[in-house]
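What follows is a set of notes on a single structure, which appears directly below.
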Amino acid sequence: MKVIVDDKIPYIRGQIERLANEVAYLPGSAISKSDVQDADVLIVRTRTRCDQALLEGTSVRLIVTATIGYDHIDTAYCEAHGIQWTNCPGCNANSVCQYVHHALEATGFLKPSYTIGVVGVGHVGSLVAADLEACGMKVLRCDPPKEAEQKNFNCQCSMVNGKWLDGKYLDLPTIQAEADIITFHTPLTKEGPWATYHMADEQFFRHLLHRPLIINASRGGVVDNEALLWALNEGLIADAVIDTWEGEPDLNRELLEQVVIGTPHVAGYSADGKANATRMSLEAVAQFMGVDFKPQIDLPDAPCLSVETLLDDSRQLKLHPDRFEEMRGNYPVRRERLCKV
């Protein structure tokens, strides 16, 4: 079996070779049709666009993305052509949770007197909500698909990490009206009743009532970056913390200069989160092959994620925005602390 692997996926060398007899490591953004022509499995990240242009006429039967997001995979094409695909949901949820926590500490917004709107209450959003509630903050949960389910079942409660919580999922206008902080944790989708592309657009910012802090550590396109810059210039928001950008790695330089914290898409890049993604990817390949396999990944001792590491990431990107991809691909080894849940 031949496997093509993004060469920036950590902890996978020596592990995937236990499953495949031929392995090629390539830069994710450079993986081409000729590279995958006779491959059986692709293990990628967000920089590899897996669509008809890449896959048609190849022998690829499985695509594994070592990420939570999967909008870089043309899932409709894959399903129509018998190509299996899978992602790694929740792999870096703790890491992103800590990113949000430290961002609120760094900006002075981690206060019980503030109300935070969490938009998208999946693996990451659930952790963020629970962590900030434990800090005494009022948390408003917004998740339109879950809100629709809630209405269907006429239920006035929500479940997070297996626990029923008082209250309900709120709509986006309520978040706009009541939140002092709004943090996004949705996938990026462009079709369907709950499309998230440019969910935060100019109209969204026009209807904010509390000049909130905006945080985006989900997908770049969830927040319209031009509209965000306009909102900053118009004083409609207090400030912004941005980890995911439209057009990566060619981000809006003016927006980077103005946000209080700007990082190179590394909120989920703890060593623990990366190891989880690699482990889940290897297990997906093993399941596809029908074999029993236990990955052996040992994590090194390293500094923990902190306010200081977050601010350093931001300083470095603002000094060297042209090195976005380099910073992301060679991110320092940093460990997680457990979120308060």
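The values are calculated or read from the model by the stated rules, or taken from the named source; none is laboratory data. Since this is a predicted model, take the numbers as computed values, not measurements. Don't worry about glycine lacking a Cβ; one is built from the backbone with ideal geometry, like all the others, and counts go over all protein chains shown.
Determine whether LEU299 is assigned to a helix (DSSP H, G or I) and in contact (Cβ under 8 Å) with a residue 24 or more places away in the chain. The answer is no for LEU299.
Yes/no per residue for (1) over 30 Å from GLY247 (Cα atoms); (2) modelled with pLDDT of 95 or more; (3) not basic (Lys, Arg):
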{"residue": "VAL307", "(1), (2), (3)": "no, yes, yes"}
{"residue": "SER314", "(1), (2), (3)": "no, yes, yes"}
{"residue": "ASP322", "(1), (2), (3)": "no, yes, yes"}
{"residue": "ASN330", "(1), (2), (3)": "no, no, yes"}
{"residue": "ARG334", "(1), (2), (3)": "no, yes, no"}
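Candidates are the residues of segment 134-155 that are over 23 Å from the mean Cα position of the chain (by Cα) and farther than 24 Å from HIS101 by Cα; the one that is modelled with the highest pLDDT is ALA148. Listed conditions (1) hydroxyl-bearing (Ser, Thr, Tyr); (2) under 25 Å from VAL23 (Cβ atoms); (3) crowded, with 23+ Cβ neighbours inside 10 Å are all met by TYR99, apart from (2). Quick one: what pairs do we get from segment 212-240, first residue among the polar types (S, T, N, Q), second surrounded by 18 or more Cβ atoms within 10 Å (Cβ to Cβ) and assigned to a strand (DSSP E or B), C-beta under 7 Å, 6+ apart or different chains? Pairs found: ASN216/PHE184; ASN216/VAL223; ASN216/ILE242; SER218/PHE184. Each residue in segment 266-290 was checked for being part of a loop (DSSP other than H, G, I, E, B) and out of contact with any Leu (no Cβ under 7 Å at 6 or more places or on another chain), and 5 of them qualify. One residue alone among GLY108, GLY90, GLY125, GLY117 is free of Cβ contacts under 8 Å to residues at least 24 places away in the same chain and among the small types (Gly, Ala, Ser), and that residue is GLY108. Scanning segment 49-96 for residues that are of a type in the set (Ser, Thr, Tyr) and closer than 21 Å to GLU248 by Cα returns THR65, THR67, TYR70, SER95. Considering only segment 282-293, I want to know if a residue exists there that is under 14 Å from CYS91 (Cα atoms) and touching a residue at least 60 places away in the same chain (Cβ under 8 Å). The answer is yes, given that some residue of segment 282-293 is under 14 Å from CYS91 (Cα atoms) and touching a residue at least 60 places away in the same chain (Cβ under 8 Å). Residues of segment 243-261 that are surrounded by fewer than 23 Cβ atoms within 10 Å (Cβ to Cβ) and either among the aromatic types (Phe, Trp, Tyr) or under 15 Å from the mean Cα position of the chain (by Cα) (or both): GLU246, GLU248.
One residue alone among ASP35, ASP7, ASP40 is touching a strand residue (DSSP E or B) at 6+ places or on another chain (Cβ under 7 Å), surrounded by fewer than 22 Cβ atoms within 10 Å (Cβ to Cβ), free of Cβ contacts under 8 Å to residues at least 40 places away in the same chain and more than 28 Å from GLU326 (Cα to Cα), and that residue is ASP40. Exactly one residue among ALA231, ALA240, ALA277 is within 21 Å of LEU188 (Cα to Cα), out of contact with any strand residue (DSSP E or B) (no Cβ under 6 Å at 6 or more places or on another chain), modelled with pLDDT of 95 or more and buried (at least 20 other Cβ atoms within 10 Å of the Cβ), and that residue is ALA277.
So the check is Cβ under 7 Å with 6+ separation or different chains; which pairs have a first residue in segment 310-322 that's on the phi < 0 side of the Ramachandran plot and a second one that's surrounded by fewer than 13 Cβ atoms within 10 Å (Cβ to Cβ)? Taking only residues 6 or more apart or on different chains, the pairs are LYS318/GLU257; PRO321/ARG253.
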